[in-house]
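A short reminder: the numbers here are calculations on the coordinates, not readings from a lab. Here the structure is a predicted model, which means the values were calculated and not measured. Don't worry about glycine lacking a Cβ; one is built from the backbone with ideal geometry, like all the others, and counts go over all protein chains shown.
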Amino acid sequence: MIELVAFDGDDTLWHNESIFSMTQSRFADLMEPYVEDADLEERLFATEMRNLRLFGYGVKSFTLSMIETAIELSHGRVSAHEIQAIIDAGRGMLEHPVELLAGAEDAIDRVSERYPVMLITKGDLFDQESKLARSGLGERFEAVEIVAEKDEMAYRRILSQRGVPADRFVMVGNSGRSDILPTLALGAWAVHVPYPLLWTHEHVDENRLVAHERYRRIESLADLTEALDDLAANSANSHGGADPTG
Ligand SMILES: [Mg+2]
C-alpha cells in the first residue's frame, strides 16, 4: 500500500545539471590562460567539496567555489574583469529558464490521481523556491519540502510530520545518493529515473541498488505509473506475510 509519493526536482522534473555543465564549460574557457597542466574540473570539485559543509548546495555556493578555484589556479593573477565574468555566469544560472523534462507534468498528474504527491528537493532555499515558481508545477503538489541535505534524517522527519510509515512512502528521483539510498535505508521504496548527466558528488555504485527489493529503475517518467503499480502489488504481498516471494 502506498500513502505518499514524493518527487525530486533537479534533473527529475526539470533540467539542472546541464546548466551547471554549460557554466563549467564557460568557466573552463575563462580559465584557459591559467590552467596549464592542472585538471580544472577536479580542482573545482575539490573546492566545492571543501566548501559544502559551510556553503551548502546551490548556484551561489558553486559561484563562490568557481571564484576560489580561479584565484588558486591563477596564483592570484585572475583579474577583476574575469571574476566579474564568473559572477555573471552564476547569475545567468539563477536566471536561466526552468525547462521541464519530457513528461514531467503528465507523470505528476497521473500519480496524483491515485496518491498524495509532494516535492522534496535540496539546496538553496531562495533558488529552489524560485525554480519551483518558474516551473509552473507548484500547484500540483500537496506539499513542498526544501531541505539542506537529503539524508535519512531529513526523510524521517518529513514522514513523521506527515504520519506516513516509511514502507508506504515512494521517492522518485535521479540521484542514487540523495533520492535512493537514504529512502531505501529507511525502509521506503525508491524509483530511480537516471538523468544523462550526474554530478560526481551524487554518484553511487548502482550495483548497490539494483538487487534491492524496494528499488525500481525506469528510463523515463513515462514509465512511472507502471512502476508504482508494481511497487503497490509488491508492498501488498510483503504485508500479506504468508508467502513472501521477494
Ligand atoms: Mg535531482
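Numbers at a glance
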| quantity | calculated |
| --- | --- |
| Sorted peptide list for 115-123, 193-201, criterion being average Cβ within 10 angstrom, highest first | 115-123, 193-201 |
| For region 179-186, Karplus couplings with θ = phi - 60° (6.51, -1.76, 1.60), whole Hz, Gly/Pro x | 9, 9, 4, x, 6, 4, 4, 6 |
| Ranked by how many other beta carbons lie within 10 Å on average, peptides 60-66, 205-211 from highest | 60-66, 205-211 |
| Gain on full stretching of the segment that runs from Arg217 to His75 - 0.36 nm per residue minus C-alpha separation | 46.6 nm |
| DSSP-defined beta bridges in the chain - what % are antiparallel, rounded to 5 | 5 percent |
| Sequence-distant residues sharing a close amide H with Leu4 (under 5 Å, placed H) | Val170 |
| Order by protection proxy (mean Cβ within 10 Å, highest first), peptides 67-73, 130-136 | 67-73, 130-136 |
| Label-point gap, in nm, between Asp167 and Glu152 - each point 7 angstrom along Cα→Cβ | 1.7 nm |
| Added length on full extension, which subtracts the Cα-Cα distance from 0.36 nm per residue, Asp88 to Val210 | 39.8 nm |
